[in-house]
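Please read the structure below before turning to the comments.
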Amino acid sequence: MVDARQQTRPLLGLLTFFSLWLLLGASQPVAVPPQTTQPALVRTVDAVEMTVRDLDRSTDFYSRVLSFKKISETEVAGNDYEHLEGVFGLRTRVARMRLGEESIELTEYLIPQGRPVPADSRSSDLWFQHIAMVVSHMDRAYGQLRRNHVRYVSSGPQRLPNSNKEAGGIRAFYFRDSDGHPLELLEFPPGKGAAKWHRQTDTLFLGIDHSAIAAGDTQASLRFYRDLLGMRIVRGSENYGTEQEHLSGVFGARVRITSLRAAEGPGIELLEYLSPQGGRPIRGDEHSNDLVDHQIRLAAENVEDAARRLRAARVGPISSGVVSFPNAELGFHAGLLVRDPDGHAVELVEK
């Protein structure tokens, strides 16, 4: 029989760390000056992670419908992963999938299973997050999705108007995967998007341009992603009109979009809905095993240094401090999970 004190020890460790972090002011807003001369904490956007209900079903969807390639599959459990994710007693299956040069990770919680994506989720809710995949031919890609009966968010592919200097001519379409996670297809016109999206190729699904996240206040998010983590702004726009409404599935949508990048990897796109306002916040009791959960994995040079700066900036923790993984089963030796100003999960790792 297992001693009850052994069963509760991981939770006591988590509570102790949270108490110490809260004493430093974790419940306060990010307190970082608008400009900082400190070195960037983040060098690479490594992957976007999503929690799924059935890993086999999800890997089939992403590989068969969207042309991702499965790179690896790993099953993990134990105290270290419990402390990283803030979920007691977990056992997970994790598959890494690649599209072009970019990757995602799909995680199935064998135990404990979490809640489904809310059935009435909208693009303006603050838990909204998607990955945007670039295609070489929108109509062919849209036909592939229709043949596989995906769930729509957009009414159909939308071409953003030329009056929008930054985004004019881009074609886009929102849809959902088998668990209800929102996804986006993008087709860039000449002169827009990275050069690699314009190479001559017969490949239809090319790679991941960015992960878009809803933001309640762009400036608060910039204090976190730009001023603290060291990402740079690469472009911005304000999208509105019938095309944006039909793209996001939100009547009256007017969206302030700010795109950021690290030195390597896909971008992070902040979506602040100027109208309609009142998008629902991320639930305070959301956990990594809930299907609405996404995690942006960022590679840092030194996670311990990152943790000190995050604590000083009063960033809310999920992990019980920096957790070490000597065997690097998931490709990193140390990790730390925190929340951005809106509650989106951000994982900093050291490879």
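Sum up the charges of everything whose Cβ sits under 12 Å from the Cβ of Gly78, counting Lys and Arg as +1 and Asp and Glu as -1, but leave Gly78 out. Can you show the working numbers first?
On the way: positive: Arg91; negative: Glu75, Asp80, Glu82, Glu85, Glu329.
After counting each charged neighbour, the total is -4.
Nearest 5 is fine: what % of DSSP beta bridges in the chain come out antiparallel, could you say? Mind dumping the intermediate values first?
Values: 65 of 85 bridges.
Percent antiparallel among DSSP bridges in the chain is about 75.
So how do His344, His198 line up by other beta-carbon neighbours within 10 Å, fewest first?
Working: His344 25, His198 16.
Listing His344, His198 from fewest to most nearby Cβ atoms yields His198, His344.
About the Cα centre, and with charges only on the beta carbon of Lys, Arg (+1) and Asp, Glu (-1), how big is the dipole of the range 221-351? Nearest 20 debye, please. Before the final figure, lay out each step's value.
Working: 16 positive and 19 negative charges, 91 e Å.
Here the range 221-351 has a charge dipole of around 440 debye.
Give the Rg/Rh ratio for the chain, taking Rg as the radius of gyration of the Cα atoms and Rh as the Kirkwood radius, to two decimals.
On the way: Rg = 19.8 Å, Rh = 20.7 Å.
Looking at the chain, the ratio lands at 0.96.
Output needed: percent of Cα pairs per 10 Å distance bin for the range 129-275, bins running from 0 to the one holding the longest distance.
P(r) over the range 129-275, rounded to whole percents: 11, 42, 37, 10, 0.
In percent, what relative contact order does the range 129-275 have, based on Cα pairs under 8 Å that are 6 or more apart in sequence? Don't skip to the answer; put the middle values down first.
Numbers: 304 pairs, mean separation 39.9, N = 147.
After rounding, I find 27 percent.
What does the charge add up to near Trp127, with Lys and Arg as +1, Asp and Glu as -1, over the other residues with Cβ less than 13 Å from its Cβ?
Numbers: positive: Arg115, Arg122, Arg280, Arg283, Arg339; negative: Asp120, Asp125, Asp285, Glu286, Asp290, Asp293, Asp340, Asp342.
The answer is -3.
Got a sec? Charge dipole of the range 108-151, +1 on Cβ for Lys and Arg, -1 for Asp and Glu; which of Gln129, Gly143, Ile111 is way out at the positive end?
Of the listed residues, the answer is Gly143.
In debye to the nearest 20, how big a dipole does the chain give about its Cα centre with +1 on each Lys and Arg Cβ and -1 on each Asp and Glu Cβ? Before the final figure, lay out each step's value.
On the way: 41 positive and 45 negative charges, 131 e Å.
Charge dipole of the chain: 620 debye, to the nearest 20.
Which of Pro182, Ile257, Leu270 sits farthest toward the positive end of the charge dipole of the chain, with +1 on the Cβ of Lys and Arg and -1 on the Cβ of Asp and Glu?
Among Pro182, Ile257, Leu270, the one farthest towards the positive end of the dipole of the chain is Ile257.
Using the alpha-carbon centroid of each, what span in Å lies between the range 110-154 and the range 197-275?
Cα centres, the range 110-154 to the range 197-275: 16 Å.
Give, as a single signed number, the net charge of other residues whose beta carbon lies under 11 Å from the beta carbon of Ile282, with Lys and Arg counted +1 and Asp and Glu -1.
On the way: positive: Arg280, Arg283, Arg339; negative: Asp125, Asp285, Glu286, Asp290, Asp293, Asp340, Asp342.
Residues close to Ile282 contribute a combined charge of -4.
Mean Kyte-Doolittle of at least 1.0 and a Cα length of 27 Å or more along the axis: which whole DSSP H helices of the chain meet both? Write down the numbers at each step before the final one.
Values: long enough: 4-23 (29 Å, 0.64).
Flagged H segments: there are none.
Just so you know, all these numbers are worked out from the coordinates, no wet-lab data involved. Here the structure is a predicted model, which is why all the values come from computation and not from measurement. Because the Cβ atoms are built from the backbone with ideal geometry, glycine has one as well, and the counts that use them run over all protein chains shown.
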